[in-house]
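FYI, it's all coordinate maths here, none of it is from the lab. Just so it is clear, the model here is predicted, and its values are computed rather than measured. Reconstructed Cβ throughout: ideal geometry from the backbone, glycine too, with neighbour counts over all protein chains shown.
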Amino acid sequence: MLTTELSNTARPQIILENIFDATTAEAALVKKGVAYINQIASSSCFKDAIFVKRFTETGGKTNQDIWDTLVSRPYAVNVKIYTGTWIANHFYHTIGKTDASEKSATIKVNRQFVRTAYDFGNNLMHEVFGHIAGFRHDRIKATSVPYQLNDIYADCALKLGIPLPSR
Ligand SMILES: [Zn+2]
């Protein structure tokens with residue numbers, strides 16, 4: 001009984017372990033972005049979306065399987081901020097690279113794209129609950145788990161009153 005109750009109330013969660021090479025201001029944005037993700041991921045808006053959306057590139061996983069993957073463990077991560085090359089900033093628009101080989105995954109984020117907690121949170125949502133959780137995007141992309149997580153983040157942030165960045 002208890003096990004059932006726990007699994008029904010489990011919510012996806014990111015645990016931020018270390019922040020490397022960030023300025024004080026960047027570190028504050030990173031922490032706030034992670035708080036946004038955990039707020040969104042614990043909402044019924046998020047859970048409903050995971051069960052309602054049609055995902056591609058899931059490797060055969062059903063919506064239930066995707067949910068089970070997201071709540072299977074807390075996702076512990078380190079965040080490393082780096083300065084992208086001119087080419088990365090202006091041509092490839094590289095936002096983040098993920099090194100999942102370590103025990104706690106290290107998400108490398110180009111500081112060019114860490115200007116607001118909201119945007120950082122959206123990026124980390126894609127990298128962690130998308131790629132670290134084992135989902136990819138191949139040909140279809142927009143309907144993949146990582147990219148739809150970005151849409152879900154934006155939809156749920158709006159519903160939860162998380163402030164959009166001013167541009
Ligand atoms: Zn991606």
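Using a Förster radius of 41 Å, what is the FRET efficiency between residue 62 and residue 111 based on their Cβ-Cβ separation? Nearest 0.05, please.
Numbers: r = 38 Å, r/R0 = 0.92.
Result of the calculation: an efficiency of 0.60.
What does the extension gain come out to for residue 76 and residue 158, with contour length at 0.36 nm per residue minus their alpha carbon separation?
26.9 nm
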